[in-house]
Amino acid sequence: MWVPAVEAAFLGGLLCLDRIVVQVMLSRPIVSASLVGASLGDPATGLIAGAMVELLWIDRFPMGRYLPPNDTTVAVLVSAGSIVAGNTMGCVSKELITLAVLLFAPAAYVAQAGDRMIARSNDGMLETLESCAEKGDIKTVARKHRLAMVKTFIMSATLIFILLVPGIMILEGLFPLLTERIIRTLNLAYHFVPIVGIAVALSTIKIRGTVPIFSGLFLVAVVLRGLL
């Protein structure tokens, strides 16, 4: 468990940088969870987990000073948690993925608070950066920018590791104890979450372009495949 957790935390920290630096959509849950799943040997589970998380917060996007819930962190946690726990128990089921989504969803708001803390810390460097820019001190400006990236990486990777390890333990210990009724409920939730998510995605098509369409169609295909 420890090696996959460290691997997922490191990769998740890098992917979270895309939220503030590169911004080429690698931080989107459907992409980040798939990459984490591929690194752990199960890209299919990562893709399903990422698509579910993608639709949960598809209508929340950064605007001005607003920082949305950190869905990248949740996607990494759900993907890694489902795969590692599933490998221990013998297989990754859709009920296990659903339980992981319910377990790790609050992490989006914990990570959001961390993002706000980093943003306030970076705001404190603004006067220094302006002074250095006026003096032509490009090296200091570049160093401060790199520092901001390092802070984001450390915060994201550390948070993912701290939440992932006990999360895996909970999944491994709790899932085998669930009653048949709860398993059926998780199965229904697995099919219900995409329906709610697609409804949200349809309201954001003009904003998000093809991302919600892709996520919605993928989950419809997954649901139909499971039913057939």
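For G86, the criteria (1) surrounded by fewer than 24 Cβ atoms within 10 Å (Cβ to Cβ); (2) over 21 Å from L186 (Cα atoms); (3) touching a helix residue (DSSP H, G or I) at 6+ places or on another chain (Cβ under 7 Å) hold in every case but one, which is (2). Residues of segment 22-46 that are touching an Asp or Glu at 6+ places or on another chain (Cβ under 9 Å) and not in a helix (DSSP H, G or I): V24, M25, L26, S27, R28, L40.
This table checks each residue for (1) touching a strand residue (DSSP E or B) at 6+ places or on another chain (Cβ under 8 Å); (2) closer than 22 Å to F175 by Cα; (3) outside any loop (DSSP other than H, G, I, E, B); (4) among the aromatic types (F, W, Y).
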| position | (1), (2), (3), (4) |
| --- | --- |
| A8 | no, yes, yes, no |
| L11 | no, no, yes, no |
| R19 | no, no, no, no |
| I48 | no, yes, yes, no |
| T72 | no, no, yes, no |
| S79 | no, yes, yes, no |
| C91 | no, yes, no, no |
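Scanning segment 15-29 for residues that are surrounded by fewer than 23 Cβ atoms within 10 Å (Cβ to Cβ) and among the hydrophobic types (A, V, I, L, M, F, W, C) yields L17, I20, V21, V22, V24, M25, L26. When M169 is tested against (1) crowded, with 17+ Cβ neighbours inside 10 Å; (2) at pLDDT 95 or above; (3) not acidic (D, E), only condition (1) is not met.
Pairs meeting the criteria (first residue in segment 54-75 and over 22 Å from L159 (Cα atoms), second residue outside any helix (DSSP H, G or I) and at pLDDT below 80, beta carbons under 6 Å, at least 6 apart or on different chains) are I58/T204; D59/T204.
The values are calculated or read from the model by the stated rules, or taken from the named source; none is laboratory data. Note that the coordinates shown come from a computational prediction; the quantities given were computed from them, not determined experimentally. Virtual Cβ from ideal backbone geometry, glycine too; neighbours counted across all protein chains shown.
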